[in-house]
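Only one structure is covered here, and it is reproduced in the block below.
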Amino acid sequence: MKICVMPGDGIGREIVAQAMRVLDKVAAKHGRACETTEALIGGCAIDATGVPLPADTVAKCKDSDAVLLGAVGGPKWDTIDPAIRPEKGLLGIRKELKLFANLRPATLFKQLTEACYLRPDIVARGLDVMVVRELTGGIYFGEPRFDGMQDGERFGFNTMVYREHEIRRIARVAFEAARKRSSRVCSVDKANVLDVSRVWREVVIDEHARNYEDIELSHMYVDNAAMQLVRDPSQFDVMVTGNLFGDILSDEAAAITGSIGMLPSASLGEANPGLFEPIHGSAPDIAGQDKANPLATILSVSMMLRHSFAMAEEADCIESAVEQALEQGYRTGDIMQPGCRLVGCTEMAEAVLANI
Ligand code: NAD
Ligand code: IPM
Ligand code: MN
């Protein structure tokens with residue numbers, strides 16, 4: 001396994017260091033060789049090179065089988081020229097590697113039922129949602145875009161753009177994912193208002209009719225979807241949506257699993273290496289204090305083993321070690337519950353390591 005590791009900023013360093021210990025142990029246990037190289041992205045790359053995505057980083061990623069990322073950004077770079085913000089590094093590498101499909105599985109570990117913000121009777125119905133977020137299009141990348149002045153006042157806009165081929169390929173990813181799950185896809189849009197969403201809905205319907213009639217397809221407006229997700233998440237299996245809506249809905253889904261510190265993700269394209277990262281950010285408020293929950297990153301390593309290396313056994317091994325650590329009562333602050341043992345980032349990872 002040739003892996004490019006990019007810790008990034010804030011808690012990124014802490015969580016990636018711990019996730020790498022888990023990877024090393026599971027690789028050793030299963031006799032797998034792992035070659036890693038580290039690269040700069042985000043704020044740390046700006047500090048070292050002046051840009052958030054140095055060419056050397058892109059080259060290292062392209063030369064790897066998979067990429068593991070922590071998080072980018074932080075207050076230090078919030079007032080920098082927007083063209084070279086840390087977040088541009090992340091958007092840039094997603095685009096460079098053509099990672100159009102972002103899988104964000106929100107599952108509630110039964111040990112965290114009490115840490116969930118929803119009523120116990122709602123939680124009892126189960127929570128296992130796969131958010132399939134389009135990652136290289138939509139309003140994040142649409143042109144034209146503008147930030148400036150007009151008629152003597154501040155003026156800005158972005159453009160939400162989707163082309164048929166972009167919608168069709170992400171719909172396919174969602175339908176294929178549903179085939180391995182409960183065969184239900186809910187496509188989320190704002191087709192009652194946005195032209196781009198009407199195109200989105202038509203193409204999803206067409207792709208379904210052509211190739212995926214075995215899947216039960218439904219549609220929901222994004223405002224209702226946000227509401228339904230907290231009212232009764234058990235109604236969802238796979239949710240497929242555009243870049244911005246997927247960003248927002250996946251943070252919401254994460255909170256339902258107990259904490260944003262629990263949700264891993266896989267960003268996949270057709271040929272390039274996949275990129276694996278927790279869905280949360282650099283958490284400046286707790287950075288450098290060994291308080292961050294490393295489980296989303298550790299579970300991202302598990303997704304990497306499953307998706308990029310077809311190592312299902314190794315991936316299962318990590319997931320059950322995480323579950324055991326939770327069962328043994330280890331909790332970082334974000335998922336702390338009465339009667340459990342409050343630990344930091346390092347100790348949580350050590351609890352996982354002990355179960356491998
Ligand atoms: P954030 O996800 O960093 O933090 C939101 C809240 O969740 C904070 O209270 C934080 O302490 C908590 N949190 C996040 N991860 C946690 C973890 N592993 N364990 C415990 N608590 C955790 O979002 P934000 O505050 O909106 O953004 C902070 C910075 O991160 C910004 O610069 C933003 O652009 C960036 N960001 C980066 C990514 C990424 O790299 N993929 C994602 C989101 C935000
Ligand atoms: C995420 C983040 C990023 C996004 C930012 C940091 C560019 O919020 O990975 O969810 O909006 O995609
Ligand atoms: Mn986000």
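What follows draws every value from the coordinates through simple rules; no lab data is involved. A quick note: this is a predicted structure, and the numbers were derived from the prediction, not measured. FYI the Cβ positions are ideal-geometry reconstructions off the backbone, even for glycines, and counts take in every protein chain you see.
Couple of notes before you dig in:
- Ranked for footprinting exposure by Cβ neighbours inside 10 Å, fewest first, S320, S308, S187, S300 give S320, S308, S300, S187.
- Sorted by Cβ density within 10 Å, fewest first, the residues I286, I318: I286, I318
- Along its first, second and third principal axes, ordered by size, region 312-356 spans 33, 17, 15 Å in Cα coordinates.
- Highest mean packing comes first when the peptides 47-53, 293-299, 69-75 are listed by Cβ atoms within 10 Å, giving 293-299, 69-75, 47-53.
- Remark: spin-label model distance E164-T113 equals 4.9 nm, labels positioned 7 Å along the Cα→Cβ axis.
- Given R0 = 30 Å, the distance between the Cβ atoms of I84 and N192 translates into a calculated FRET efficiency of 0.20.
- Applying 1/(1 + (r/R0)^6) with R0 = 35 Å to the Cβ-Cβ distance of D151 and D251 gives a FRET efficiency near 0.50.
- Loop GluC sites (Glu not before Pro), region 195-242 (other Cβ atoms within 10 Å of the site Cβ: 10 or fewer; DSSP): E213
- Shape metrics for the chain, restricted to C-alpha atoms - Rg then Dmax, Å: 20.0, 66
- Dividing the summed helix terms, -39500 (n - 2.57) for each DSSP H run of n ≥ 4, by the number of residues in the chain produces a 222 nm estimate of -13000 deg cm²/dmol to the nearest 500.
- Stretching E96 away from A48 to a fully extended chain increases their span by 15.2 nm, per 0.36 nm per residue minus the current alpha-carbon distance.
- Applying 1/(1 + (r/R0)^6) with R0 = 35 Å to the Cβ-Cβ distance of A55 and A226 gives a FRET efficiency near 0.35.
- Cα centroids of region 244-263 and region 63-123: 9 Å apart.
- Of D189, D214, D237, the one that fluctuates the most in a GNM where the chain has Cα springs shorter than 10 Å: D214
- Rg(Cα)/(2.2 N^0.38 Å) for region 53-183, N = residue count: 1.38
- Cross-link check: pairs K60/K88; K60/K95; K60/K98; K2/K98; K25/K98 evaluated at a Cα-Cα cut-off of 22 Å; pairs beyond the cut-off: K25/K98.
- Extension gain, A209 back to A28 (0.36 nm per residue minus Cα-Cα distance, nm): 60.5 nm
- The distance separating the Cα centre of region 40-59 from that of region 300-356 comes to 30 Å.
- Put simply, region 88-156 fits an ellipsoid with semi-axes of 38, 19, 10 Å; these come from the alpha carbon gyration tensor as the roots of five times its eigenvalues, largest first.
- Each peptide in 135-143, 177-185, 16-24 was scored by the mean count of other Cβ atoms within 10 Å over its residues; highest first, the order is 16-24, 135-143, 177-185.
- Full-stretch length increase - Q337, H219 - with 0.36 nm per residue and alpha-carbon distance subtracted: 38.8 nm
- Taking the fewest neighbouring Cβ atoms within 10 Å as the starting point, the ordered list for Y212, Y330, Y117 is Y117, Y212, Y330.
- Here, region 117-256 yields an orientationally averaged convex hull projection of 9.6 nm² when only Cα atoms define the hull.
- Beta bridges assigned by DSSP with both partners in the chain are antiparallel in approximately 40 percent of cases.
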